[in-house]
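The values are calculated or read from the model by the stated rules, or taken from the named source; none is laboratory data. Nothing here was measured: the structure is a model prediction, and the numbers come from that model. So basically every Cβ, Gly included, is an ideal-geometry build from the backbone, and we count neighbours across all protein chains shown. Accessible surface is based on the protein model in full, side chains and every heavy atom, while ligands, DNA and RNA are left aside. Shrake-Rupley method; radii C 1.70, N 1.55, O 1.52, S 1.80 Å.
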Amino acid sequence: MACFMDHYSLCRAHATQFFFLLLMFSLSIVNSTACSNGNCQVLDSCAAATDCGPGLYCGNCPALGKNRPICTRGQATIPTTIIGDLPFNKYSWLVTHNSFSIVDTPALPGVQRLTFYNQEDPVTNQLRNGARGLMLDMYDFNGDIWLCHSFRGQCFNFTAFQPAINTLREVEAFLSQYPTEIVTIIIEDYVQTPKGLTSLFVRAGLDKYFFPVSKMPKKGEDWPTVTEMVQKNYRLLVFSSVASKEAEEGIAYQWRYILENESGDPGVKAGSCPHRKESQPLNSRKASLFLQNYFPTYPVEEDACKEHSTPLAEMVGTCYKAAGNLLPNFLAVNFYMRSDGGGVFDVLDKMNGQTLCGCSTVLACQSGAPFGSCKNIAVPRGSQTNNNSAGSFSGSVQFSRSASAVHSPNCMVFYSFYLPLVVFSLMSVIDKIWV
């Protein structure tokens, strides 16, 4: 920078302006990621999972044009920890669609798996993050009952995942560890082995938790309270898509007890919520549970964050009207953790708030207070799990692979080292110019 004496003041002004512009730019970067070490809340910018508070992870949503990583909810509020002792059918729960169809699950030796994936973390972690419903496709395969994502009612080696007992043992371990939790399993049932399902659940040690079919409400009545179910250890509800299994094996026929909208693309079409052909009409009151499917026919990981934003909330409203002002008890989704901030977890909080206490979110509910008596709370920006059985994120969200395509240096490192270095270097240059 060659400066002549008569232009000295102009050069100094330009250098000063350059310094302050760069300083303001640097401060804006620091300000946009000013939190770290577990202090960042929902929607705050982040550089790594360790920046975000409990129950959050660092992710982005390029499908919505949101490339900047933000802290995103990864765990559900367990509504029974806020409002307990109501009938089971008064609550809304997260269900993972094809819970077993997990990205990066090893295929059989020497086989290239050819099927779709629907989830990104193990079933145990799904449960710890607040999922209370699992959708499992069961087939006869290799002399056992397997979880398989297949077609034509037959499991192939290139569509097989693992023996079903492995996943059911995960469920048993969870129920054993958390004695107040209730889990629902919905089986797409292709098992033809006589008493195959009964034997499977006995081998997995789950029969002791079964809610007896004989005690399930048959005419749309309320279910027992969650407290009663826990006291009697009726903490596992199992439904099959095969009607004959109810009489043969004591496995409840799904559409006798559950209303259900159409799955796949018809279930995500804006403004429409048709009932599944096997189900009774959604506005029927002959069944007291309602399952809302919300996932496209062909799952795409990168699009799930977009699907779980505004369109999900709008579709819940559409199905609410189609069901005669009834909110779903089960909300089934793919890639449940992906969203542009609150996602399926915020939607569930709103549904439970409306049903359980007449509030805009379950976080405003007050145990023992009259219906409609809501706490004055700020819009929640942090994780609100209220979940003693919640999974813990130790350094990174427990996806099979990273949920964020962008990872940048820790903002505190930038603030404490890089910015002072830039300022020091610029001051040195300006001093040399001014001398």
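Observations on the structure shown:
- Top-ranked residue of region 317-341 - restricted to ones that are under 20 Å from residue 61 (Cβ atoms) and open to solvent by 10 Å² or more (accessible area, probe 1.4 Å), ranked as nearest to the chain's Cα centre (by Cα): 338
- Strands (runs of 3 or more DSSP E) within region 35-147 that include 3 or more residues open to solvent by 40 Å² or more (accessible area, probe 1.4 Å) and in contact (Cβ under 8 Å) with a residue 24 or more places away in the chain: 66-73
- Count of region 257-271 residues which are open to solvent by less than 40 Å² (accessible area, probe 1.4 Å) and either basic (Lys, Arg) or part of a loop (DSSP other than H, G, I, E, B) (or both): 2
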